Amino acid sequence: MIPKETVDRILDTAQIADVVGDFVSLKRRGANFVACCPFHNEKTPSFYVSPAKGIYKCFGCGKSGTAVGFVMEHESLSYVEALRYLARKYNIEIVEKEESAEEIAHRQRSESLHLVSEFAAGFFRDCLRTGEGRAVGYAYFKSRKLEDASIDKFGLGWSPSGKHGLSDAAGAAGFKEEFLLDTGLCVRKDDGTLQDRFYDRVMFPIHSVSGRVIAFGGRTLRTDKAIAKYVNSPETEIYVKSRSLYGIYFAKNEISRQDRCYLVEGYLDVISMHQLGITNVVASSGTSLTVEQIRLISKFTRNITIIYDGDSAGIHAALRGIGLVLKEGMNVKVVLLPDGDDPDSYSHKHTLEEVRDFIRTREQDFISFKTDMLLGQAGDDPLKKAELINDIADTISLIPDAVKRSVYVEACSVRFNIESQLLFDRISHTRTAMLVSEQKQREARQKKEHETGPEPAGEPFPQENPAREKEDSGSVAGIVLDDPFLAPCEKELLGFILEHGDKYIDFDRDSEFYQEDGRQTTVAEFIDSALAADETEFSNTAYRKVYDEYFVMYDEGLSQERIQRRLLNSMDRETSMVAADILVEKYMITVENYRNSLTSIGTQLVIFVPKAVMAYQVKRIEKKLKSLSSDLVQAGDDVERQTFILSEITRWNRAKVMINNKLGR
């Protein structure tokens, strides 16, 4: 574990412009730098780097953060890995804290499994260039029209026909049998000897997101039906098939830049498309698409285009994948290639522009795709057509975002000339059934854990924020919002706290906020006291979390600058994103300077902080009134209930008018 003092030293030393400049060509503009964003395609620079604040921000795609956040995002590293990267860059020695014996053993074992996998990758790669490997394996890859650069890029190889080539070479290199067995590279025979799992096959190494070899796929070139066409590594401590994507290491940066991931089925599909020049492509490695794989893609983009064969198997796989992608809150389109083609063969028959044009003109949203696929089966049968519409409505119901669901309902309504309310009713019924089913599953898991104890934790994987599951959730610049209605006001209040929380507000004596004892209050204390007086807290989890963390450090007496730095460099990605989103001005060069030239910061705080608090109060009242109006409708013929609700509406309206008068509205 990296000691806290070393972490602070790394964060204090790292210069944002210096770090970003290693990957992006920066141009100075005033006190800041600008560039074309490395995370999405653009021709006009909207990516800003502020050395004074130590932050980057793209106003095109919304990504933002500090030096460590940039390295995490660009290189797909964990927080600790990014710190190690910066430590190496600035020659800062990391002296690890003492680990427990168990932690040391686990780390060493994981490293050993990686090392033996990388040794095997090198062994297979070398075998491809000599003897039978060149005559058989290399010749096969060339027959599939793969260039040497592609063969080298993806580390393709050959496993010798003898059944002990790898095990003998690894043993001679000093690798223990234990790790050869535990990586699945070898198996133990009945007589106790080791035998290679992979032999007489062309080899496809599988890489982790960070580029380390974690598994292999081996394809036989023999036509004997008794021999399995593919042999794959078993799941191990470093390889979980459902959480891995073939080609992700080579595609991740382009996926971020293009803000789209093309999903195909096979190894050669990925390699051939990369060779053609379309490099934001990954494959599910011969397994059905999984939720974990979709979540891995979601680290780089929210947009997936599924490119499958045009045969029945490809159509079936695409139909299944649509639901999984939508349920994770992502956007999905589908491209079916002409029957008889797959991405590998199609990319060799056409130029780069032709393939790009085909994808651009043939990709369909899921409503069009399902309609085209299933409407032909329905024909003129009204019952089958109704089943198709219900099927599409059930697919829409998987989408967690209410606004997106509404948009798709309108599109479906127009397509089938059917009342949108009928679709909304069907979706509401389906979602209720889904929620009940999920609740029962949770209860069953809890009961099982209560009886047998919790199941052993597998390899950690980033989970979706629970807020994403909420009915009316949304997101801005990647920040999850539970309550979009109150979000702008909460962001404004949090902005005053993060930017000026330690500054005193110098109210005039005739102000209603002036303290009779003459005691001054800071911006942070004023806002916190106002919320406490109303017995309220932020509705949006992301903003509330940053708010709470701020006041923990504020109460400890940390300086405003130090609090800002800690929040910006928080290990919690959402916290750092919120802080960066707030602390970077969109028009940092012109608007900020112009505004500051008009009035002093002190005058602005006296005027705008109380107004922001009152505007938030008005918004909460409006939300309350909306709820009361709904209650009034549901009260039906209950006169007593109606009378009570009407009196509450009157009371809250008076409060709203009073605050609006203070605001001069």
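The values are calculated or read from the model by the stated rules, or taken from the named source; none is laboratory data. Not measured: the values here are computed from a predicted model. Cβ coordinates were reconstructed from backbone atoms using ideal geometry, including for glycine residues, and neighbour counts include every protein chain displayed. These accessible areas exclude ligands, DNA and RNA; they are computed on the full protein's heavy atoms, side chains included. Shrake-Rupley method; radii C 1.70, N 1.55, O 1.52, S 1.80 Å.
How far, in nm, would the chain grow between GLN421 and LEU435 when pulled straight, counting 0.36 nm per residue and subtracting the alpha carbon separation?
Details: separation 14, 0.36 × 14 = 5.04 nm, distance 2.08 nm.
Working it through step by step, the gained length comes to 3.0 nm.
Whole Å is fine, so just give me how far the alpha carbon centre of region 41-84 lies from that of region 228-271.
So the separation of the two Cα centres works out to 25 Å.
Could you give the accessible area per residue of region 1-51, probe 1.4 Å, as a whole number in Å²?
Details: 2620 Å² over 51 residues.
Computed with neighbouring chains in place, this is 51 Å² per residue.
How far, in nm, would the chain grow between ARG28 and ALA635 when pulled straight, counting 0.36 nm per residue and subtracting the alpha carbon separation? Please list the in-between numbers first.
Numbers: separation 607, 0.36 × 607 = 218.52 nm, distance 6.26 nm.
Answer, rounded to one decimal: 212.3 nm.
Give me the percent of accessible area attributable to carbon and sulfur for the chain, probe 1.4 angstrom.
On the way: 16870 of 33510 Å².
The C+S portion of the solvent-accessible surface of the chain is 50 percent.
Around VAL436, under 13 Å between beta carbons, what's the net of Lys plus Arg minus Asp minus Glu among the other residues? Please list the in-between numbers first.
Details: positive: ARG431, LYS440, ARG442; negative: GLU438, GLU443.
Around VAL436, the charge tally is +1.
Need one number: nm distance between label points at ARG129 and LYS327, each 7 Å from Cα along Cα→Cβ, rounded to one decimal.
With each label placed 7 Å out from Cα toward Cβ, I get 4.6 nm.
Counting Lys +1, Arg +1, Asp -1, Glu -1, what net charge surrounds LYS299 among other residues with beta carbon under 11 Å of its beta carbon?
Working: positive: LYS252, ARG295, ARG302, ARG573; negative: GLU73.
Result for the neighbourhood of LYS299: +3.
Quick one: if the Förster radius is 41 Å, what FRET efficiency do ASP148 and GLU354 give, using the C-beta to C-beta distance and rounding to 0.05? Walk me through the numbers on the way to the answer.
Numbers: r = 24 Å, r/R0 = 0.59.
The calculated FRET efficiency here is 0.95.
For ARG29, ARG362, write out the residues from largest to smallest accessible area, computed with a 1.4 angstrom probe and no ligands counted.
ARG362, ARG29
Considering only DSSP states other than H, G, I, E and B, which trypsin sites (Lys or Arg not before Pro) in region 41-80 qualify as loop sites with at most 13 other Cβ atoms within 10 Å? Write down the numbers at each step before the final one.
Details: sites: LYS43, LYS53, LYS57, LYS63; in loops: LYS43, LYS53, LYS63.
When the trypsin sites (Lys or Arg not before Pro) of region 41-80 are filtered for loop state and at most 13 Cβ neighbours within 10 Å, LYS43 remain.
Given a 1.4 angstrom probe, what's the average accessible area per residue across region 257-302, in square angstrom? All intermediate terms of the calculation are to be shown ahead of the outcome.
On the way: 1220 Å² over 46 residues.
Spelled out: the 1.4 Å probe surface of region 257-302, per residue, equals 27 Å².
In degrees, nearest 10, range 0 to 90: what is the angle between the Cα axis of helix 366-378 and the longest Cα principal axis of the chain?
Value to nearest ten degrees: 60.
If you build the Cα gyration tensor of region 610-665 and take the root of 5 times each eigenvalue, what three semi-axes come out, in whole angstrom, biggest first?
Numbers: eigenvalues 143, 22, 7 Å².
Each semi-axis is √(5λ); the values are 27, 10, 6 Å.
Relative to the longest principal Cα axis of the chain, at what angle does helix 352-362 sit, 0 to 90 degrees, rounded to 10?
Rounded to the nearest ten degrees, it is 60.
Please determine, in degrees from 0 to 90 and to the nearest 10, the orientation of helix 639-663 with respect to the longest principal axis defined by the Cα atoms of the chain, where the helix direction is its Cα long axis.
Helix 639-663 sits roughly 80 degrees off the main axis of the chain.
Ignoring everything except DSSP H segments at least 4 long, calculate the 222 nm mean residue ellipticity for the chain; use -39,500 (n - 2.57) per segment, divide by total residues, nearest 500.
Numbers: 27 runs with 352 residues, N = 665.
Value at 222 nm, helices only, nearest 500: -17000 deg cm²/dmol.
Using DSSP to define loop residues, name the GluC sites (Glu not before Pro) in region 348-428 whose beta-carbon has at most 15 other beta-carbon atoms within 10 Å.
Details: sites: GLU353, GLU354, GLU363, GLU387, GLU410, GLU419; in loops: GLU363, GLU419.
Counting only loop positions with at most 15 other Cβ atoms within 10 Å, the GluC sites (Glu not before Pro) in region 348-428 are GLU419.
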